[in-house]
Structure formats: C-alpha cells, structure tokens
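Engineer: Starting off with a structure, shown below.
The numbers here are math on the coordinates, done by the rules we state, and not lab data. Keep in mind the model is a prediction, meaning the values are calculated, not measured. Every residue, glycine among them, receives a Cβ derived from its backbone with ideal geometry; neighbour counts consider all protein chains shown.
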Amino acid sequence: MNQDTTTMDLPFQPPRIYTVSRLTAEIKSLLEGEFDLIWVEGEISNFSCPSSGHFYMSLKDEHAQIRAVMFRPQARYLKFTPEDGMMVIARGRIGVYEPRGEYQIILDYLEPLGVGALAAAFEQVKRKLALEGIFDADQKRPIPFLPQRIAVITSPTGAAIRDFLHIAGRRMPNLDITIVPVRVQGDEAAGDIVEALELVNQELEDIQVIVLTRGGGSLEDLWPFNREEVAYAIRRSRIPVVSAVGHEVDLTISDLAADLRAPTPSGAAELLVKEKEALTRDLKAFSSRLEMALEGMLARTRDRIKSLSARMRDPRRDLADAWLKLDDLYGRVLSMARGFIKEKSRGLASINERLLLNSPSHAIALRTQETGFHTHALVQAISGRLEKRKRDSLAFTEKLGSLSPLSILKRGYSITQKLPDMTVLKDSAQVSPGSGIKILLARGAINGVVTTTEKGD
C-alpha cells in the first residue's frame with residue numbers, strides 16, 4: 001500500500017546582517033582567543049622607528065607577510081636594532097586594530113635567527129663606529145714607555161685588579177697606581193665607566209695612562225664594554241687608554257676603540273710596566289756598548305789628528321806670508337787709488353771750467369732783460385689800445401643816444417600804436433573812431449580810444 005507524503009513548507013529565515021563594527025569585533029574576538037601567544041619566524045621588511053620609540057615592521061616569507069609592532073616598553077630591552085632583511089624569531093599575540101580593520105602581531109620578544117641578540121647588536125655597534133672612524137689607527141695615541149702614574153678603572157673586588165697589581169708590583173715596585181672603582185657588569189655599568197673616564201681626565205691631571213679592565217665572562221657579562229657610549233668616552237679621553245677586558249679570545253668594542261688592546265689584565269700590566277731587572281740589564285748592556293763605541297771613536301780620532309799634524313805646516317809661517325802679501329797689496333791699492341783720484345780731479349776741474357764758460361746764467365740774464373723790455377712795451381701798447389677803444393665807445397654811445405627814439409620822446413614827441421597788434425601809426429587812415437590806441441611817452445604810456453580822425457598832407 002502506497003502512502004502519499006506531503007511536504008510542509010518551512011517558514012523563511014532572513015540572513016543575519018552584521019554591522020562593520022560588529023563583524024570586526026567578532027573577528028577580533030576569534031583571532032585573539034585562538035592565537036593568544038604565538039612564535040613566528042620570518043624576514044623583517046619595511047622597518048621604521050618614529051619619534052614615539054615604537055618599532056613598526058612586517059614579517060614575511062616567500063608567500064605571505066604580516067604586520068608587526070613592538071611598543072617602546074618592550075623595544076627598549078632589545079640589545080640590537082632590527083633591520084630590513086634580518087631573519088628573526090618573534091613572540092607575540094595576534095591583535096586586530098578595529099579602526100582600520102587590520103590584524104597584526106603585537107611583539108614582546110625578538111631575536112635574530114641563527115645568532116644571538118647580543119652578537120647581532122655587537123656587529124651593529126661595531127659597524128656603526130667603524131664608519132665613524134672610532135677604530136682608525138691614526139686616531140690612536142702613543143702609550144708612554146714607562147708610565148709612573150697609572151689609573152685602573154675596574155671593580156675593586158674582582159680578580160682583574162689583583163692580577164694587575166701583582167704583576168705591576170713584581171715588575172716595578174715603585175709605581176703610583178690609582179684604582180677607580182666601577183661596576184663592570186649590569187645595565188648601569190656602562191654609565192659608571194663613562195663617568196670614571198671623565199673623572200680621571202678632569203681631576204687626575206698627572207695620570208699618564210688609563211687601564212680599563214675586568215676578568216672574563218659571557219658576552220652578556222662583558223656587554224657594558226660593548227656600548228657605544230663607552231667607545232665615545234675612550235676617544236674623548238686626553239689620556240691614552242689601554243683596554244684589557246676578558247680573556248684573550250674575547251673582543252669588545254672598548255678593545256677596538258682603545259689606544260692599545262691587552263689580551264688580559266695581566267697582559268696589560270706586562271705591556272705597560274717594564275721589568276726593573278730587565279731594564280737594569282739593558283741599561284748596563286747599552287752603557288757597555290756605548291763606552292766601547294766611544295773609546296773606539298776616540299782612538300780613531302787621535303790617530304787622525306796625529307796624521308793631520310804630521311802633514312800640516314806651522315801656521316805662523318803661513319800667517320807671516322799672508323801679512324806680507326796683505327801689506328804689498330795694500331800699498332799697490334793705495335797708490336792706484338791716489339792716481340785714479342788725481343786723474344779724476346783734473347778731469348773734474350776741466351769740466352767745471354767749461355761749465356762756467358757755457359753757464360746758462362748769462363743767457364738767462366739777457367733773456368730776462370729782453371723779456372722785461374718787451375713786457376713794458378706790450379703793456380704800453382695794450383693800455384693805449386684800451387684807451388682808444390674807450391674813447392671810440394664813448395663816441396658811439398653819444399651817437400646812439402642822439403639817434404635813440406627815447407631822445408626824441410624826451411623832446412616832447414610821442415609814438416602812437418594801434419591796439420591790439422601794436423602797429424606804429426603813421427597815417428590817420430590806419431585807424432577809425434572807436435579803435436584802441438596806445439601812446440608811448442618819454443615817461444610812461446597812455447591808452448585811449450579814437451573819437452575822430454583828420455586827414456592831412
């Protein structure tokens with residue numbers, strides 16, 4: 001028996017719609033809940049460190065990359081500075097920055113891959129200071145041959161100072177050694193070392209050399225001597241600095257920056273302090289060789305003096321001959337000088353006579369007399385000419401005065417002009433009644449209007 005089955009329609013379920021904020025918040029909750037603390041291996045790229053002190057970077061491999069950030073409180077504990085291209089192992093937690101909808105790793109630990117953080121930091125500081133010339137050989141100062149006053153910057157309770165004092169005291173007991181106590185391990189040790197170097201340079205002016213030393217230890221134990229501020233303080237020192245840090249295989253930044261590197265504290269004492277007995281032996285040997293050399297030189301000098309004395313004449317004979325030759329030469333020179341003076345005197349007298357005969361003073365006197373006569377004649381001629389010109393000028397002036405219209409006007413005549421063209425009137429026909437006229441008198445003028453005109457011959 002077949003049973004019919006009827007399908008019942010289910011009610012419609014609308015899709016769930018998220019807001020952007022809600023969706024981002026749920027993604028943030030899922031990611032941060034799932035990846036609470038993770039380790040990531042990758043290559044650093046796009047590294048930056050703004051003024052805030054935070055480290056921003058990306059960690060990438062061949063196929064993907066992820067943003068990462070290390071905030072300043074964690075970044076200041078790193079012994080090295082991250083660089084682009086550096087392979088690292090990082091530890092952190094996943095975080096989502098909701099305003100931009102981006103996820104990233106918030107780091108709290110970072111270590112170079114393949115080498116330790118301190119080793120990487122050492123290479124970074126070494127490379128930086130080398131570029132600045134801190135390690136250049138021409139910057140090194142010479143170490144005194146046998147310093148009498150030495151300042152040792154180290155821990156006062158360490159084995160390094162005991163070894164140094166033991167070797168120095170055995171080799172040269174009367175040295176003046178000043179111990180400047182500092183911490184040689186820990187975060188504050190570098191500051192102590194810098195202050196000690198400045199103190200020795202400022203307060204202990206008669207110190208001839210500074211020894212910066214400590215015993216061996218791990219790279220972390222020796223790290224204060226790898227700080228760049230210690231290297232700068234060594235180069236600022238006006239007193240030469242010897243660095244003897246750790247064992248012979250240990251190499252620190254202070255060793256490279258110092259004026260001399262000693263392999264160990266004991267080695268520093270051996271390099272600086274010469275053994276007194278060895279110096280005494282060397283001095284005796286040098287004295288003996290010098291004495292023998294002087295005796296040989298004196299013997300050779302005596303033999304040479306004897307040889308020269310045998311070949312040399314009595315100098316008194318040569319001196320007498322020289323005096324005779326000098327007297328003879330003096331007489332000849334004196335005679336020649338007298339003859340030369342007489343000859344030149346006669347020539348000078350002859351020239352003087354000719355000069356007197358041909359002296360220009362006579363010609364000058366004659367020319368002066370002639371010039372005075374001509375000057376007088378010229379003055380007379382000019383005066384007569386001027387007088388004649390004056391008379392002629394007066395005659396011309398009188399003639400001009402007699403011919404001047406003003407003279408005519410003074411005798412009662414006048415000149416009439418037509419206005420406004422100022423035409424001189426000679427005929428009454430030139431004007432008509434009503435015309436304006438101007439009459440010039442000897443003194444002043446009269447303006448008028450013509451009322452009537454009369455014709456005349």
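Engineer: Roughly what angle does helix 315-357 make with the longest principal axis of the chain, taking Cα atoms, 0 to 90 degrees, to the nearest 10?
Structural biologist: Once rounded, one gets 30 degrees.
Engineer: For Glu132 and Glu41, what does the FRET efficiency come to when R0 = 30 Å and r is the distance between their Cβ atoms, rounded to the nearest 0.05?
Structural biologist: Details: r = 33 Å, r/R0 = 1.11.
The computed FRET efficiency comes out at 0.35.
Engineer: What dipole magnitude, in Debye to the nearest 20, does region 175-233 give about its Cα centre under +1 on Lys/Arg Cβ and -1 on Asp/Glu Cβ? Intermediate results must be reported in sequence, preceding the final value.
Structural biologist: Details: 3 positive and 13 negative charges, 51 e Å.
It works out to roughly 240 debye.
Engineer: Also: Any idea what angle helix 20-34 forms with the longest principal axis of the chain, computed on alpha-carbon atoms, 0 to 90 degrees, nearest 10?
Structural biologist: Compared with the principal axis, the helix lies near 40 degrees.
Engineer: Which residue, chosen from Ile415, Ala429, Ala442, occupies the Cα position most advanced towards the positive end of the dipole of region 410-449, where the dipole is computed from +1 (Lys, Arg) and -1 (Asp, Glu) charges on Cβ about the Cα centre?
Structural biologist: Of the listed residues, the answer is Ala442.
Engineer: Still on this structure, I have one more. Taking the Cα centre of the chain as the origin and placing charges on Cβ (Lys, Arg +1; Asp, Glu -1), which of Gln65, Gly347, Ser21 is farthest toward the positive end of the dipole?
Structural biologist: Going by the charge dipole, the pick is Gly347.
Engineer: Dipole of the chain, Cα-centred, from +1 at each Lys and Arg C-beta and -1 at each Asp and Glu C-beta, to the nearest 20 debye?
Structural biologist: Values: 61 positive and 60 negative charges, 1181 e Å.
Approximately 5680 debye in magnitude.
Engineer: Using alpha carbon coordinates only, what is the Rg to Rh ratio of the chain, with Rh defined as the Kirkwood radius? Walk me through the numbers on the way to the answer.
Structural biologist: Details: Rg = 62.1 Å, Rh = 38.2 Å.
For the chain, the value is 1.63.
Engineer: Another question, then. In region 118-224, which chymotrypsin sites (Phe, Trp or Tyr not before Pro) fall in coil by DSSP and have 12 or fewer other Cβ atoms within 10 Å?
Structural biologist: Numbers: sites: Phe122, Phe135, Phe145, Phe164; in loops: Phe135, Phe145.
Sparse-neighbourhood loop chymotrypsin sites (Phe, Trp or Tyr not before Pro): Phe145.
Engineer: With no solvent and one point on each alpha carbon, what is the Debye value of log10 I(q)/I(0) for region 20-114 at q = 0.17, 0.19, 0.24, 0.25 Å⁻¹?
Structural biologist: Summing over Cα pairs of region 20-114 leads to -0.74, -0.90, -1.28, -1.34.
Engineer: Now for a separate question. What does the C-alpha gyration tensor say about the overall shape of region 122-244? Classify as rounded when a/c is under 1.5, otherwise prolate if a/b is larger than b/c, or oblate. Before the final figure, lay out each step's value.
Structural biologist: Values: a/c = 1.80, a/b = 1.29, b/c = 1.39.
Oblate.
Engineer: Turning to a different aspect of this structure: Under the rule that an exposed site lies in a DSSP loop and has at most 16 other Cβ atoms within 10 Å, name the longest stretch of the chain with no GluC sites (Glu not before Pro) of that kind, not counting the sites themselves. Please list the in-between numbers first.
Structural biologist: On the way: sites that count: Glu62, Glu83, Glu132, Glu188, Glu205, Glu220, Glu248, Glu275, Glu454.
For GluC sites (Glu not before Pro) (loop position, at most 16 other Cβ atoms within 10 Å), the longest site-free span of the chain is 276-453.
Engineer: A further question follows. Of Leu251, Ser393, Ile161, which is farthest towards the positive pole of the chain's charge dipole, taken about the Cα centre with +1 and -1 on the beta-carbons of Lys, Arg and Asp, Glu respectively?
Structural biologist: Ser393
Engineer: Amide H of Glu83 versus every other amide H placed in the peptide plane: which residues, excluding those fewer than 5 positions away on the same chain, fall under 5 Å?
Structural biologist: Residues meeting the criterion, in which the H sits 1.01 Å from N, do not exist here.
Engineer: Follow-up question, since we're still on this one. Region 410-449: Rg/Rh from Cα coordinates, Kirkwood Rh?
Structural biologist: Details: Rg = 10.1 Å, Rh = 10.4 Å.
Checking Rg against Rh, the ratio lands at 0.97.
Engineer: Shifting gears a bit: Quick check: Cα centre of region 79-95 to Cα centre of region 175-230, how many Å?
Structural biologist: 32 Å
Engineer: How would you rank Ile415, Ile239, going from fewest to most other Cβ atoms within 10 Å of each one's own Cβ? Write out the running numbers ahead of the final one.
Structural biologist: Working: Ile415 14, Ile239 19.
The most exposed by this proxy come first: Ile415, Ile239.
Engineer: With an 8 Å Cα cut-off and a minimum separation of 6 or more residues, compute the relative contact order for region 140-274 in percent. The partial results should precede the final answer.
Structural biologist: Values: 275 pairs, mean separation 41.2, N = 135.
After rounding, I find 30 percent.
Engineer: With no solvent and one point on each alpha carbon, what is the Debye value of log10 I(q)/I(0) for region 308-378 at q = 0.11, 0.12, 0.21, 0.29 Å⁻¹?
Structural biologist: -0.62, -0.66, -0.94, -1.12
Engineer: Using the Karplus curve 6.51 cos²θ - 1.76 cosθ + 1.60 with θ = phi - 60°, work out ³J(HN,Hα) for each residue of region 120-136 in order, rounded to whole Hz, and write x for Gly and Pro.
Structural biologist: 5, 5, 4, 5, 5, 5, 4, 5, 5, 5, 5, 5, 7, x, 5, 9, 4
Engineer: Moving on to the next point. Answer rounded, prolate or oblate for region 149-221, using the Cα gyration tensor with square roots of eigenvalues a ≥ b ≥ c: rounded when a/c is under 1.5, else prolate when a/b is larger than b/c, else oblate. Please list the in-between numbers first.
Structural biologist: Numbers: a/c = 2.92, a/b = 1.23, b/c = 2.38.
Here region 149-221 falls in the oblate category.
Engineer: Label region 231-361 by shape, choosing from rounded, prolate and oblate, from the square roots a ≥ b ≥ c of the eigenvalues of the Cα gyration tensor; if a/c is under 1.5 it is rounded, and otherwise prolate applies when a/b is larger than b/c, oblate when it is not. Can you show the working numbers first?
Structural biologist: Details: a/c = 10.73, a/b = 2.20, b/c = 4.88.
Oblate, since a/c reaches 1.5 and b/c is not below a/b.
Engineer: Mind giving me the FRET efficiency for Asp61 and Gln202? R0 is 60 Å, r the Cβ-Cβ distance, nearest 0.05 is fine. Present the calculation step by step, with values, prior to reporting the outcome.
Structural biologist: Values: r = 54 Å, r/R0 = 0.90.
Approximately 0.65, to the nearest 0.05.
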